[in-house]
1. Could you work out how far apart the two model spin labels at residue 51 and residue 189 are, taking each label as a point 7 Å from the Cα in the direction of the beta carbon, and quote it in nm?
2. What is the gain in length, in nm to one decimal, between residue 169 and residue 182 on full extension, counting 0.36 nm per residue of separation less the C-alpha to C-alpha distance?
3. So who's got an amide H within less than 5 Å of the one on residue 154, skipping anything under 5 residues away but keeping other chains? H placed 1.01 Å off N, in plane.
4. Using a 7 Å offset from the Cα along the Cα-to-Cβ direction at both residue 132 and residue 162, what is the distance between the two label points in nm, to one decimal?
5. Considering only the other residues whose Cβ falls under 11 Å of the Cβ of residue 140, what net charge follows from Lys and Arg at +1 and Asp and Glu at -1?
6. Quick check: residue separation of residue 197 and residue 113 times 0.36 nm, minus the Cα distance between them. What number comes out in nm?
7. For the pair residue 230 and residue 69, how long in nm is the line joining their label points, each one 7 Å along Cα→Cβ?
8. Just to confirm a number: summing +1 for Lys and Arg and -1 for Asp and Glu over residues other than residue 241 whose beta-carbon lies under 12 angstrom from that of residue 241, what do you get?
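No lab work stands behind these numbers, since they all come straight from the coordinates. In this text the structure is predicted, and so the values were computed from the model without any measurement. When we count neighbours, we look across all protein chains shown, and the Cβ atoms used for this are built from the backbone with ideal geometry, even at glycine.
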Amino acid sequence: MKNPSLKFSLNNIFLIFNILLIVACGQQKETAEKDTVAKEVETDPALIPLSSDNVTEVLTAYAVQHPDSIATISTRHGDIKVRLYKETPLHRANFVRLTKSGFYDQGEFYRVVKGFAVQGGDSDNRTMKQTSYKIPQEFNRKYIHKKGALAMARYGDERNPDKESSSHNFYIVQGEPVPLHEIRSWEEQHGIKYTPEEIKLYQTIGGKPSLDTEYTVFGEVIAGLDVVDKIANEPVDASNWPRQSVLHTIKVE
């Protein structure tokens, strides 16, 4: 007669062995997944801290990997849809990179100058931080500061002679219609010649030709100019900061 206790012991050993095998396999899988995630984190340009030494290289690579060109800026006044220019790849990549990381979801339109522009991207209440860097300018004669132009802010020429852009502060031009004599004056000062189409834009929908060749335009509003006007009409304090916060979130398509 077989020993029942021996049979019970063998069954227990077999069961324990299977449990240990399953646990071991699970641990190996978890370790492999962690290794994969670690590798992705290590190589994803979105997560590499930017500096003056690597900003061009990292953003150039990011522009290729993330060809997004449409973004929606949502505010309590409504949505502003913008198209990002592929001809300004560093600025486009930087805007998309910050958007996808959620950085811009902690921003607001903190400077509002009616008839000029509304500026956003930062906030006193921000908790997300990033390294300090500037984006090399990407002036393109095709793109002017017409109403609805999306451009990057920057420090003045005294401390920024290369006219490099801010890492995250952007603005949207509101502007006003510009008389022809003023357009001609800016042509002379900037050493450029506006096309008849550009002159018509400045005379009709308006803009700020004084900013051309000074700040990088990297996109334009394709829907929601009325929202820009509503933001521009916000009551502001002595520092042009809206008295009631105009928070924004941004998503890319």
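1. Placing both labels 7 Å beyond Cα along the Cβ direction yields 3.8 nm.
2. Working: separation 13, 0.36 × 13 = 4.68 nm, distance 2.78 nm.
Between residue 169 and residue 182, full extension yields 1.9 nm more.
3. Result for residue 154 returns 166.
4. Result: 1.6 nm between the two label points.
5. Details: positive: 86, 141, 142; negative: 87, 138, 212.
With Lys, Arg at +1 and Asp, Glu at -1, the neighbours total 0.
6. Numbers: separation 84, 0.36 × 84 = 30.24 nm, distance 2.63 nm.
Stretched fully, the residue 197-residue 113 segment lengthens by 27.6 nm.
7. 2.9
8. Numbers: positive: 111, 243; negative: 108, 122, 124, 234, 237.
My count for the surroundings of residue 241 gives -3.
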